[in-house]
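A short write-up of the structure that comes next.
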Amino acid sequence: MAYKPLRHWDIPGLVRASEAARQFGISRAAIYYQIQHGLIRYERVGGYFYIPQAVVDSLLASKTAVESLAAEQQVLDSVVATARAHRDRLAQAQRAATRAALET
């Protein structure tokens, strides 16, 4: 039995540019901008732009990695903010102790 696509534009190994944009969470205009400027590999079949599935998978993996790094950066930023607050309180306590020692 021959392969019959679900829709006439389904091609094994290729993802329509509009579907790739949806998966990436960007607008169709953004994906077409990347295509027009040679920032992403594509194939043109029957007037439609397609992105190779391997490219989509790679970009999705990269997006996941970047999101993970962004989450870790937020945690580190909160740790730094807490450390700075502790440092400021410690410096204030040391100044207060120094003033108290000088007054006696």
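Rule-based calculations on the coordinates, nothing more; no lab input. The structure displayed is predicted, hence computed values, not measured ones. Positions of Cβ are backbone-derived with ideal geometry, glycine not excepted, and every protein chain shown enters the neighbour counts.
Quick notes
- Listed residues 94, 53, 74, most fluctuating in the chain (Gaussian network, C-alpha, under 10 Å): 94
- Phi-derived couplings, Karplus 6.51 cos²θ - 1.76 cosθ + 1.60 at θ = phi - 60°, listed residue by residue for region 39-45: 8, 9, 6, 8, 10, 10, 10 Hz, with x used for Gly and Pro.
- Which of 35, 26 has the fewest Cβ neighbours within 10 Å, and the rest in rising order: 26, 35
- Residue of 85, 61, 70 that the Gaussian network model of the chain assigns the largest fluctuation, springs spanning Cα pairs under 10 Å: 85
- Just checking the listed ones, 87, 41, 22: in the Gaussian network model of the chain with Cα springs under 10 Å, the one fluctuating most is 87.
- Relative exposure of 19, 103, 43, 67, judged by other C-beta atoms within 10 Å (fewest first): 103, 67, 43, 19
- Residues with amide H under 5 Å from that of residue 16, placed H, sequence gap 5 or more: 51
- Computed helical MRE - 222 nm, the chain, DSSP H runs ≥ 4 contributing -39500 (n - 2.57), nearest 500: -23000 deg cm²/dmol
- Across the chain, Cα-Cα pairs more than 20 Å apart make up 61 percent of the total.
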